[in-house]
1. I'd like to verify a number: residues in the stretch 48-62 that are within 10 Å of the chain's Cα centre (by Cα) and either within 16 Å of ligand 1 (Cβ to nearest atom) or surrounded by fewer than 18 Cβ atoms within 10 Å (Cβ to Cβ) (or both), how many?
2. Every residue in the stretch 131-148 that is over 14 Å from the mean Cα position of the chain (by Cα) and either over 19 Å from THR39 (Cβ atoms) or touching a residue at least 12 places away in the same chain (Cβ under 8 Å) (or both), please.
3. Does ARG7 satisfy the condition of being surrounded by 18 or more Cβ atoms within 10 Å (Cβ to Cβ) and over 20 Å from PHE144 (Cα atoms)?
4. Collect the residues in the stretch 150-166 that are more than 20 Å from VAL30 (Cα to Cα) and either touching a Pro at 6+ places or on another chain (Cβ under 7 Å) or in contact (Cβ under 8 Å) with a residue 60 or more places away in the chain (or both), keeping them in residue-number order.
5. How many residues are more than 16 Å from ligand 2 (Cβ to nearest atom) and touching a strand residue (DSSP E or B) at 6+ places or on another chain (Cβ under 9 Å) if we restrict to the stretch 50-100?
6. Considering each of ALA80, ALA153 in turn, give the residue that is within 30 Å of GLU17 (Cβ to Cβ), surrounded by fewer than 21 Cβ atoms within 10 Å (Cβ to Cβ), among the aliphatic types (A, V, I, L, M) and more than 11 Å from ligand 1 (Cβ to nearest atom).
7. Kindly state which strands (runs of 3 or more DSSP E) lie completely within the stretch 47-161 and contain at least 3 residues that are among the β-branched types (Val, Ile, Thr).
8. Can you tell me how many residues in the stretch 99-119 are surrounded by fewer than 21 Cβ atoms within 10 Å (Cβ to Cβ) and of a type in the set (Asp, Glu)?
Amino acid sequence: MKSVIRRQIAQSIATLEAVLADERIAETLVRLSEMTAATMKSGGKLLVAGNGGSAADAQHLVAEFVGRLTISRPALRAVALTVDTSILTAVGNDFSFDHVFERQVEALGAPGDIFLGISTSGNSKNIVKAVKLANQMGLTTVGFSGNDGGAMAELCQLNIVIPSSTTMNIQESHLVLEHIYCMLVELCYFGPEFGSKPQALAE
Ligand SMILES: O=C(CO)[C@@H](O)[C@H](O)[C@H](O)[C@H](O)COP(=O)(O)O
Ligand SMILES: [Zn+2]
């Protein structure tokens, strides 16, 4: 059993090492963070969707934006499209599960907003459909994926593709980058001096 634990931790670290070595990922994350801060400053918002573990990620990331991560500051405008069970069941039941995020993009999205789809395969139909509509509506589309980026890689304007084909490792790296993403948006939006008292978080 311990050998399984060691192997899995080593695999998770190796995936993160590969992420660390990938300059494109760092460059894309900086670009995305600057763009997100600018979008939010001008009244736009971030919409986030994912399935399974990535649905939990969507909610986790949005909770950091609406609450706080590294500094005490005003709430930032972000919405997880995974949380309203009435919408998910109504649209899933009346249309199909492939439309549960697309419909919410139609309802809530506006030109200039950002849609972030989190999908380890990059191929989940409900995410792909939401990306397509978001593109048509003039949102900026972003994909967090793994493997070869799947269909999302061809559709999204910005892509972060974890260099792994193992779902759990892709998810683990996504979470690390999602925390850094929120941290960088706080930095871009409020400036380093705003966060000079991180102990405020303990209050
Ligand atoms: O958390 C896990 C596996 O670690 C699962 O719940 C996983 O997220 C689900 O199978 C998803 O449906 C996978 O979808 P995707 O990442 O390919 O879009
Ligand atoms: Zn999982």
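1. Here the count works out to 10.
2. Result: LYS132, LEU133, ALA134, ASN135, MET137, GLY138, LEU139, ASN147, ASP148.
3. No.
4. If the condition is that a residue be more than 20 Å from VAL30 (Cα to Cα) and either touching a Pro at 6+ places or on another chain (Cβ under 7 Å) or in contact (Cβ under 8 Å) with a residue 60 or more places away in the chain (or both), then SER164, THR166 are the ones that fit.
5. Residues in the stretch 50-100 being more than 16 Å from ligand 2 (Cβ to nearest atom) and touching a strand residue (DSSP E or B) at 6+ places or on another chain (Cβ under 9 Å): 12 in total.
6. ALA153
7. 140-145
8. Final tally of qualifying residues: 1.
Every number here is computed from the coordinates shown, using simple stated rules; none is lab data. Only a predicted model underlies this, so the values are computations on that prediction, with no experimental measurement involved. Note that each Cβ is placed from the backbone with ideal geometry, even for glycine, and that neighbours are counted across all protein chains shown.
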